[in-house]
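Visitor: Once you've had a glance at the structure underneath, I'll fire off some questions.
The values are calculated or read from the model by the stated rules, or taken from the named source; none is laboratory data. In this text, all values refer to a predicted model and were calculated from it rather than measured experimentally. Here the Cβ is made from the backbone with ideal geometry for all residues, glycine too, and neighbour counts use every protein chain on show. SASA here: full protein model, heavy atoms, side chains in, ligands and nucleic acids out. Shrake-Rupley method; radii C 1.70, N 1.55, O 1.52, S 1.80 Å.
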Amino acid sequence: MTVAHHTRHERAQVAEPTVGAAERASLMSLLQDFAHHTVVVSSSWPSPVRRRRPVLPTNGEPHPMQRMRFQLIFGAALLALLIAVCLQQSPGSWRGKLTKEEVSDYLTRVDRQVPMLPEEKAEAFKRLRTFGEADDGKPVYMLNVMRMFDKVKALPGQPTFPGTPAQANAYYEEKAKPLLFKSGSYPVYDGNVSGRNLFGYERSQDDWNRVLVVHYPSRRAFLELVADPAYGPIAPYKLMSLDLLLVPTDADLVLPELRLVVGALCLVAFLAVGWVRAARCAG
C-alpha cells in the first residue's frame with residue numbers, strides 16, 4: 001500500500017464519524033420537534049371519555065350561570081311564599097262565600113262547646129247567623145271592648161279560676177293566639193285603657209279596661225275559630241272574666257306603624273344602592 005492510498009484511507013476513517021454525528025443530531029432534532037407537536041395536538045384534543053369541568057373565572061368566583069341559577073331558585077321560592085300568604089289572607093277568592101248550610105254547621109259546633117246563659121244564647125246565635133250569611137269573602141276587623149268583672153264569675157258546669165278576672169282573660173288570650181294564627185288571623189291592636197271616657201258618661205258606656213282589634217281573613221275564619229274543638233275548653237275563661245262588646249268592622253284604611261315603614265324603606269334603599277354599585281364594579 002502506497003503512502004497516498006494510506007493517507008486517503010485515514011482521512012475517510014476520520015471523516016465518517018463526523019458526518020454520522022451530524023446526521024444523528026439532525027435526526028434527534030426532528031424527532032424532538034415531532035414529539036413536541038404531537039403532545040400539543042393531543043393535549044388540546046377533547047377527551048371523549050372524561051367530562052370537562054365548568055370553567056371558573058380566574059378570580060375563583062362561581063361561574064355567572066351558577067349565580068343566575070341560585071337567584072332564579074331563590075326568587076321562585078320567595079314568589080311561592082308570597083302566593084301562599086296571599087291565598088291564605090284572601091280565602092274568599094278561592095273558597096267562596098259561606099253558604100247557609102255551612103253557617104248552620106258552624107253554629108251547631110259552637111253550641112256544643114261554648115257555654116252561654118240561656119237568656120243570652122238565643123240572641124247571640126241569631127246575630128252570629130246573620131253575620132255568617134252576610135259573608136262577602138272580605139277580611140273582617142273585629143273590635144273587642146272589654147270591661148273586667150269585679151271578681152271571676154261562676155259559670156254552670158265550668159271549672160272555677162282562682163285568680164283575678166284580668167288573669168283569667170290573660171290565660172284565654174295566651175291560649176287563643178295559636179288558634180288565631182292557624183287560620184291566618186292576628187291581632188292588629190292590643191292595649192289596656194289608660195283612663196275613663198272623655199265623652200260618654202253613662203255606666204254602660206264607661207269604665208272599659210281593655211281594647212283589642214283582630215284581623216280575620218274572612219268571616220269564615222272567625223267561625224272556624226269559635227267552632228274549633230280546641231277553642232271550647234278556653235272560651236269559659238273569657239266569659240267568666242269580663243263584659244264584652246264584639247263589633248265586626250270593614251277596613252277602609254289600615255296603616256302600619258310609621259317606624260316600620262321608614263325602617264323597611266331605608267333597608268330597601270340600602271340594598272338597592274349596594275346592588276347597583278356591585279353591578280357597576282362587576283361591569
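Visitor: Would you check if there is a residue in the range 264-280 being without any contact (Cβ under 8 Å) to a residue 24 or more places away in the chain, open to solvent by 60 Å² or more (accessible area, probe 1.4 Å) and not in a helix (DSSP H, G or I)?
Guide: no
Visitor: If you scan the range 172-200, which residues turn out to be in a strand (DSSP E or B), free of Cβ contacts under 8 Å to residues at least 40 places away in the same chain and open to solvent by less than 100 Å² (accessible area, probe 1.4 Å)?
Guide: The answer is TYR186, PRO187, ASP190, GLY191.
Visitor: Of everything in the range 206-248, what is among the polar types (S, T, N, Q) and open to solvent by less than 50 Å² (accessible area, probe 1.4 Å)? Give them in sequence order.
Guide: Matches in the range 206-248: SER218, SER241.
Visitor: Which members of the range 168-184 meet the condition of being among the small types (Gly, Ala, Ser) and out of contact with any Ser or Thr (no Cβ under 6 Å at 6 or more places or on another chain)?
Guide: Matches in the range 168-184: ALA170, ALA176, SER183, GLY184.
Visitor: Which members of the range 129-166 meet the condition of being within 27 Å of ARG203 (Cα to Cα), without any contact (Cβ under 8 Å) to a residue 24 or more places away in the chain and assigned to a helix (DSSP H, G or I)?
Guide: None - no residue of the range 129-166 is within 27 Å of ARG203 (Cα to Cα), without any contact (Cβ under 8 Å) to a residue 24 or more places away in the chain and assigned to a helix (DSSP H, G or I), so the list stays empty.
Visitor: Right, another one. I'm checking my understanding of the structure. Among residues of the range 239-264 that are small (Gly, Ala, Ser) and closer than 30 Å to VAL114 by Cα, which one is modelled with the highest pLDDT?
Guide: Step by step, filter the range 239-264, then rank; the result is SER241.
Rundown of residues vs (1) more than 26 Å from ASN209 (Cβ to Cβ); (2) within 24 Å of the chain's Cα centre (by Cα), yes/no style:
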| site | (1), (2) |
| --- | --- |
| LEU246 | no, no |
| VAL254 | no, yes |
| LEU258 | yes, yes |
| GLY263 | yes, yes |
| VAL268 | yes, yes |
| ALA272 | yes, yes |
| TRP275 | yes, yes |
| ALA278 | yes, no |
| ALA282 | yes, no |
